[in-house]
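Peer 1: Quick one: this structure, given as structure tokens, is what I'll be asking you about.
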Amino acid sequence: MTVRALLLVVLALAGGVARADWQARSWSRWQFDGVAAEALFGIERMELARLRGSTDAALFTAELRASVALQEGGHACALRDAVVLGTGDTLRVRLHWRCPGKIRAPQVRVGLLLDVERDPLHHASFIHADGRHEEVLFTRDAPQHALAAAPRPVPAMATVLRYLGLGFSHILAGLDHVAFLLCMLLVAARLSSRLWMITGFTLGHSITLSLSVLGLVSVRSAAVEALIGYTVALLAAEACLRLGLRSAPWQLWLVVAGVGAITWGGGGALAPPTVLALLLLTPAYLVLARRRHGNDALHLAMTAVFGLVHGLGFAGVLNAIGVPDGQRGWALAGFNIGVELGQIALLAAFALLLQAPKALRSPALALGANRASAIALCALGVYWLAGRSVG
């Protein structure tokens with residue numbers, strides 16, 4: 001079977017979603033003032049389309065009305081109105097309640113998207129009338145929460161540990177990030193080369209994760225998702241080259257050209273200058289990588305650039321989850337540490353898996369397994385790039 005046939009098979013099996021996170025995420029920002037309450041709910045349109053098959057604001061608003069409830073003192077607050085706000089990559093709806101008495105210790109239920117197959121996660125940030133802030137994660141197992149009348153300040157270490165767990169679970173749940181790490185192992189056979197690549201990737205994603213969370217950088221999420229797919233496809237194409245599969249890189253270039261044609265007509269997530277840069281980068285990098293096989297400096301530089309893109313993806317998740325005011329630095333540090341620990345765990349597991357065929361002392365089996373992995377990863381990267389660009 002040719003490389004092209006294998007690519008088509010894998011693309012057919014990839015299924016109907018172009019994004020790879022395994023958790024369903026949404027968020028809300030609440031504010032209490034006397035007997036009135038207001039909450040802004042948000043979810044990425046791409047996420048809603050995958051979970052509900054539609055981005056219709058009326059349907060999302062109806063689900064909010066049915067799944068969100070507010071009580072004070074055991075009495076239900078009356079939902080007065082729901083207003084859809086603006087357009088863009090994120091769908092936002094503002095809800096207003098009026099309670100029978102002054103809001104002091106409200107009880108909140110958020111059942112949004114709890115019926116989805118993936119593990120749902122809803123982050124809510126509450127601002128009380130006296131200025132106190134409170135952060136709550138709603139899940140399928142914990143859809144209700146009673147807010148404290150006077151909550152104690154959360155220790156910095158508790159914030160670090162909480163966001164460390166979120167970062168660790170995100171890197172495990174993000175299939176595209178997992179695929180990129182596996183590509184690094186296929187490209188770099190030596191331990192020293194892998195360490196250089198991991199170092200570059202860590203530097204890159206740490207920079208953009210910090211800048212984005214601090215509000216210094218803002219990039220469209222759809223474009224970031226498409227570029228993450230490209231990084232997977234390009235690195236997997238390099239792996240294909242090293243394993244003697246010569247046609248996959250040029251098929252990748254044709255896909256990028258196709259994405260460019262759609263973008264030129266105004267129907268894509270990537271700006272025309274970005275697509276032009278990808279068209280130039282794809283052959284230039286692959287030719288350079290082939291000529292300078294095993295060059296650690298090249299991989300350090302390229303994985304640092306790729307890390308910048310993935311860091312924006314990490315930041316999109318962290319921004320959606322939200323960070324507590326006054327502890328933004330601790331939350332960012334904890335999330336970043338969690339991502340790094342998740343990467344180390346995945347790389348160790350993948351390294352052991354890649355050694356399994358070699359343990360059988362069958363070079364042909366090892367080569368076949370590596371080729372199949374590279375082809376599958378290249379196909380997934382191409383699928384994510386195309387699907388996220390035109391979706």
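The values are calculated or read from the model by the stated rules, or taken from the named source; none is laboratory data. If you're wondering where the values come from, they're calculated on a predicted model, not measured in any experiment. Please note: Cβ atoms are built from the backbone with ideal geometry, for glycine as well, and neighbour counts cover all protein chains shown.
Peer 1: Residues that are over 29 Å from Leu51 (Cα atoms) and charged (D, E, K, R), at least 1 per element: which strands (runs of 3 or more DSSP E) completely within the stretch 67-108 meet that?
Peer 2: In the stretch 67-108, the matching strands (runs of 3 or more DSSP E) lie at 68-72, 90-98.
Peer 1: Within the stretch 160-203, which residues are outside any helix (DSSP H, G or I), in contact (Cβ under 8 Å) with a residue 40 or more places away in the chain and more than 20 Å from the chain's Cα centre (by Cα)?
Peer 2: Passing the criteria: Ala188, Arg190.
Peer 1: Whether any residue in the stretch 242-256 is more than 24 Å from the chain's Cα centre (by Cα) and of a type in the set (D, E, K, R) is what I want to check.
Peer 2: Yes: the stretch 242-256 contains one or more residues that are more than 24 Å from the chain's Cα centre (by Cα) and of a type in the set (D, E, K, R).
Peer 1: Residue pairs, Cβ under 8 Å, 6 or more apart or interchain, first in the stretch 49-68 and assigned by TED's automatic domain parsing to the domain that holds Asp81, second crowded, with 16+ Cβ neighbours inside 10 Å and of a type in the set (Phe, Trp, Tyr). List them.
Peer 2: Arg52/Phe60; Leu64/Phe41; Val68/Phe41
Peer 1: Something else about it: Within 24 Å of Val224 (Cβ to Cβ), among the hydrophobic types (A, V, I, L, M, F, W, C), in contact with a Leu (Cβ under 8 Å, 6 or more places away or on another chain) and at pLDDT below 80 - does that describe any residue in the stretch 85-94?
Peer 2: No - not one qualifying residue is present in the stretch 85-94.
Peer 1: Is there any pair linking a residue in the stretch 287-304 that is among the aliphatic types (A, V, I, L, M) to one that is at pLDDT below 75 and not in a helix (DSSP H, G or I), with Cβ under 9 Å and at least six apart or on different chains, and which?
Peer 2: From residues that are among the aliphatic types (A, V, I, L, M), the pairs are Leu288/Asn295; Ala289/Asn295; Leu298/Arg292.
Peer 1: Just checking, which of Val259, Val287, Val255 is at pLDDT 80 or above and in a helix (DSSP H, G or I)?
Peer 2: Val287
Peer 1: Something else now. Looking at this structure, is Ala82 farther than 14 Å from Ser28 by Cα and free of Cβ contacts under 8 Å to residues at least 60 places away in the same chain?
Peer 2: For Ala82, the condition - farther than 14 Å from Ser28 by Cα and free of Cβ contacts under 8 Å to residues at least 60 places away in the same chain - is not met.
Peer 1: State yes or no: is Gly111 within 25 Å of the chain's Cα centre (by Cα) and over 30 Å from Leu377 (Cα atoms)?
Peer 2: Considered against the rule, which asks whether it is within 25 Å of the chain's Cα centre (by Cα) and over 30 Å from Leu377 (Cα atoms), Gly111 comes out as yes.
Peer 1: Could you check the stretch 35-60 and list, in sequence order, the residues that are assigned to a helix (DSSP H, G or I) and out of contact with any Gly (no Cβ under 7 Å at 6 or more places or on another chain)?
Peer 2: Matches in the stretch 35-60: Arg45, Glu47, Leu48, Ala49, Arg50, Leu51, Arg52, Ala57, Ala58, Leu59, Phe60.
Peer 1: While we're looking at this one, here's another question. May I ask you to list the residues in the stretch 240-250 that are crowded, with 19+ Cβ neighbours inside 10 Å and either at positive phi or modelled with pLDDT under 75 (or both)?
Peer 2: Correct list: Ala248, Pro249.
Peer 1: Going by the structure shown, is Val339 surrounded by 22 or more Cβ atoms within 10 Å (Cβ to Cβ), at pLDDT below 85 and in the same structural domain as Leu385 (by TED's automatic domain parsing)?
Peer 2: So Val339 fails the test.
Peer 1: Looking at Ala188, Ala236, can you tell me which residue is buried (at least 16 other Cβ atoms within 10 Å of the Cβ), at pLDDT 85 or above, more than 30 Å from Val323 (Cβ to Cβ) and in the same structural domain as Ile344 (by TED's automatic domain parsing)?
Peer 2: That would be Ala236, the only listed residue that is buried (at least 16 other Cβ atoms within 10 Å of the Cβ), at pLDDT 85 or above, more than 30 Å from Val323 (Cβ to Cβ) and in the same structural domain as Ile344 (by TED's automatic domain parsing).
Peer 1: Which residues, taken from the stretch 111-135, are at pLDDT below 85, among the aliphatic types (A, V, I, L, M) and buried (at least 18 other Cβ atoms within 10 Å of the Cβ)?
Peer 2: If the condition is that a residue be at pLDDT below 85, among the aliphatic types (A, V, I, L, M) and buried (at least 18 other Cβ atoms within 10 Å of the Cβ), then Leu112, Leu113, Leu121 are the ones that fit.
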